[in-house]
Structures are given as C-alpha cells and as structure tokens.
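Worksheet: the structure to be examined is printed underneath.
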Amino acid sequence: MDRVNNLKKITKKKQQQFMMWFSMFSAVFFITVLMMMDGDLVKASVPQTHQEWLKPMFHVEHQQQKIRVEKVKSGDVAAMVLRRLGFPAAEANQIVVAARPVYSLRKIYAGKTITRTDQGDVITLLYDVSAEQQLRLTSSSQQAWVASLEDKMLSTRTLVVEGTIQDSLFLDAAKAGLEDKLTLKLVDIFAWDIDFARDLRKGDSFKVLFEETFDTQGKRVRYNILAAEFQNRGYSYKAVRYQNQAGSVEYYNQEGKNLRKTYLKSPVKYSRISSRFSNARKHPVLGYTRAHRGVDYAAKSGTPIRAIGDGKIAFKGWKGGYGRFIEIRHNNGIHSTAYAHMRRYASGMRKGRFVRQGQVIGYVGMSGLATGPHLHFEFRSRGRAVNPLKVKHKPANPVAKQELTAFRVHAKNLLNIMQQQSQAQTWG
C-alpha cells in the first residue's frame, strides 16, 4: 500500500515538472512568435517610396507671351522696323548683323511682317523669307542673338473644280469656285493652243485639279494647277504639271509634248478681236480704205500687253498714227512683232532690252489714231506682215526620253484624280 502511494507521489511530481517545463517552453515560443510578428509589423509600417509621392524638385511658373507684329512699309530698312518693335538702335544693328550669315535683312519687302515674341527673358523674331521658309532670331539674358533659317510647317489640300462656259470664262469659273488668279493661270497654260479672245464658245467646258498650301495660321502661301482639261470647239486639251530631273517645271499634254510654244497665240490674255487682218479695210478715223496689216484686240484701258516671244526691243517710242509703239525682234532673227496704241509702257522698257515670252511690255490704250482703247498687233516674217491668227508655232522641248515612262505614270495618276473627284478635298 505504501509502495503504491509512493509511486503515485512520484508520478504526480513528474507531471507537475512536465507542466512547468511545458509552460516555460510555451511562453518562450509565444514571445518569439510575437517578436517575429512585431518585426514584420515594423517592416510593414515603413513608408514605401512611390514616384507619385515625390515632391517636385522645382516649380515652373507659366510665363505669359507678349506678341507684337510690325508690317514692312515702302522705303523701310530692317533697322527701322526693329526700332518700331521696341529695340534700341544699337541692338537693331546687332540683330541685322546676327542674321547676315543665314539671311540678309537688307532683302525685306513691303507688305511682309516681322513678329516679335517676348516670353520671360527670351525674345524671338520671325520673318517670312518665302512660302516655305522663315528666319528665326532668338536672344536671352544669357545668350546673344542667334539666327537660323527653318522650314515652315505647311498643310496642303487638293481640289477639283469644273464648269461650263455660259457667259464668260471668268464669270463661269468664279461660279464654279475658281478664283480669278487661278483662272489667269489656266489661261496661261493653254495660251499657246487656245486664243481666249476669239476661240471661246458657249458650251465649252473646263476641269481643273489644283493644290493649295497653307501655313499654321491658315494663310494660303501658294497654289498650283496640277492638271487641267479644256474642251474648246469640240477639241479636248489636257495639261499636266511636271518637274523634270533638271528642276524645270513645265506643262505637257498626256503624251509628254510641251504645251509651251515659240510664241503665244495672243498678246492680251483676255479680250475680243475688234478688227482682223485685211488687205482692204476702211479706216475708222481716216475714212478711206487701206490695208490693215494686223489684228486689233479690244480691251479695257490699262490691260497688260505681253511679248508673245523672247527677243530684243528694236524700237520704242511714238510712231505717227500708231501712237506709243514697241517692236520686238525675236531670237530666230526671222520674226518680229509690233504693239501699237499703248496707253503707257511697262517700267524699264527701252531699246535694246531683252524681254521674255509673256513679259508685260505695256498697257492697252488709244494713243495715236484710235477711236477706243485697243491693241493693234502685227506679226512680221522677214519684214513682211502676215496674219497673226494663221501663224503656226513650234512647240518647246518635250519630256526627255529617259523620263517619259515616269512622266506617263505621273500624268495618268493626276488625270485619274481629276476625272474621279468633283469638288473633292484631300488634306495631306
């Protein structure tokens, strides 16, 4: 019995010791776990760097632009315009000197503008050199004036306009949406094949593909006719603008033949024939019959008169009943042309001066024996007057053989666009 009790006492004591050790171990384990958890919590509480939370290193304030524009007036030099833009005389001269390596500001033209932009301590000047380029000058408190020539940002659109002649070319073209300047270009293109003073008929039609180019302010800087077709008296005339490998731009028909010829068909762009070539015509002033060795083009006083071909002025001055008169000897040495009854001569016309085909040499008037404003025009071959309306003119050089394939592809593309589009607009 005593032995049993002793065994119970020993077992109970061991259980107590086990429980004590277990409690101690559990406490140590629990504290260790808490420390580990506490470490993780500390780590989790450390702010993590994020780009959006970073404070800016500096702050840029918006600097307002101040813009001034000054137009170049007749007689202005660059320094005068710059003075009006607020620059002292000394700085205006510095600007002119700074620009010289890239563009001479001696070549500024009336009607153009110089724009000054101030932003902070930076000053910028802009001057349009051409439709494609502008001169930029910049300076700041830390930098002297620096000049550069840069290309403009331009946008282009192409349009097709077509119309039928009912009243007059200019009126009907305007109704179709073609400006007078483009109509004049159209006349120039076909001037060697169509005499717009006598060949135009009601029912004739035209179609024009042209390109307009604009700057970033929406101002049109140039336009070109790319292709055109004119139906005149049952004949179809086509024209395609093409720049050859040498850089020369001409208009050709779809076969590559040059539309430009030795002579224009008419010395006045748009008028009417009031009197034709005749061996017996009653003179409107003198009253008796005599030969009329030329063609009279009735037009408004002041209408420009063009040289129909290249040559030198052989005579300029007053010539009896012809009034103010110019005679041009042409380059082949065989032909000469005469222009009479002028109101006045174009600037710079003098004996011995070389003139180009299409150059304005004078203006329609009624000097000498004339009952109204008109141009009396004569065409002479080896000194003998011939009917100007029956003279056959040779064409200029066609597209070079080595470029003919490329031209035909180009021409076909433009003519297809012109046929397919009607009042269409394409921006590029």
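Do we find that Ser367 is in contact with a His (Cβ under 7 Å, 6 or more places away or on another chain) and closer than 22 Å to Ala298 by Cβ in this structure?
Values: in contact with a His (Cβ under 7 Å, 6 or more places away or on another chain): yes; closer than 22 Å to Ala298 by Cβ: yes.
Yes.
I need the full set of residues from segment 205-217 which are surrounded by fewer than 16 Cβ atoms within 10 Å (Cβ to Cβ), closer than 30 Å to Met153 by Cα and in contact with a strand residue (DSSP E or B) (Cβ under 9 Å, 6 or more places away or on another chain), in order please.
Restricting attention to segment 205-217, the residues satisfying the condition of being surrounded by fewer than 16 Cβ atoms within 10 Å (Cβ to Cβ) are 205, 216-217.
Cutting the leftovers down to closer than 30 Å to Met153 by Cα gives us 216-217.
Within segment 205-217, just Thr216 meets the criteria.
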Next on the checklist: Quick check on segment 100-154: of everything there that is loosely packed, with under 12 Cβ neighbours inside 10 Å, under 25 Å from Tyr223 (Cα atoms) and of a type outside the set (Ser, Thr, Tyr), which residue is modelled with the lowest pLDDT?
Outcome noted: Met153
Next on the checklist: Going residue by residue through segment 149-167, is there one that turns out to be within 30 Å of Tyr103 (Cβ to Cβ), touching a Leu at 6+ places or on another chain (Cβ under 9 Å) and either in contact (Cβ under 8 Å) with a residue 24 or more places away in the chain or not in a helix (DSSP H, G or I) (or both)?
Outcome noted: yes
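Please note which strands (runs of 3 or more DSSP E) are completely contained in segment 309-428 and include at least 2 residues that are at pLDDT 95 or above and under 32 Å from the mean Cα position of the chain (by Cα).
Details: elements: 311-318, 324-330, 335-345, 360-364, 374-381, 384-386, 425-427.
Output list reads 360-364.
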Checklist entry - When Pro267 is evaluated against the numbered criteria (1) more than 15 Å from His376 (Cα to Cα); (2) at pLDDT 90 or above; (3) surrounded by 14 or more Cβ atoms within 10 Å (Cβ to Cβ), which criterion, by number, is the only one it fails? => result (1)
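With the condition kept exactly as written, say whether any residue in segment 179-194 is free of Cβ contacts under 8 Å to residues at least 60 places away in the same chain and out of contact with any helix residue (DSSP H, G or I) (no Cβ under 9 Å at 6 or more places or on another chain). So that I can check it myself, show each step before the final result.
Taking segment 179-194 as the starting set, the residues that turn out to be free of Cβ contacts under 8 Å to residues at least 60 places away in the same chain are 179-183, 185-186.
Add one more test, that the residue is out of contact with any helix residue (DSSP H, G or I) (no Cβ under 9 Å at 6 or more places or on another chain), and what stays is 181, 185.
Yes, because at least one residue in segment 179-194 is free of Cβ contacts under 8 Å to residues at least 60 places away in the same chain and out of contact with any helix residue (DSSP H, G or I) (no Cβ under 9 Å at 6 or more places or on another chain).
Among the residues of segment 205-220, which ones are farther than 23 Å from Ala411 by Cα and at pLDDT 80 or above? Before the answer, list the steps.
Going residue by residue through segment 205-220, those that are farther than 23 Å from Ala411 by Cα are 214-220.
Answer for segment 205-220, where residues must be farther than 23 Å from Ala411 by Cα and at pLDDT 80 or above: Phe214, Arg220.
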Checklist entry - If we keep just the residues of segment 85-99 that are part of a helix (DSSP H, G or I) and surrounded by 15 or more Cβ atoms within 10 Å (Cβ to Cβ), which is nearest to the chain's Cα centre (by Cα)? => result Ala99
Checklist entry - So Lys202 fits all but one of (1) surrounded by 17 or more Cβ atoms within 10 Å (Cβ to Cβ); (2) part of a loop (DSSP other than H, G, I, E, B); (3) modelled with pLDDT of 90 or more; what number is the exception? => result (1)
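The values are calculated or read from the model by the stated rules, or taken from the named source; none is laboratory data. Fair warning: this is a prediction, and the values are worked out from it, not measured in the lab. As a convention, Cβ positions derive from the backbone with ideal geometry for all residues, glycine included, and neighbour counts pool all protein chains shown.
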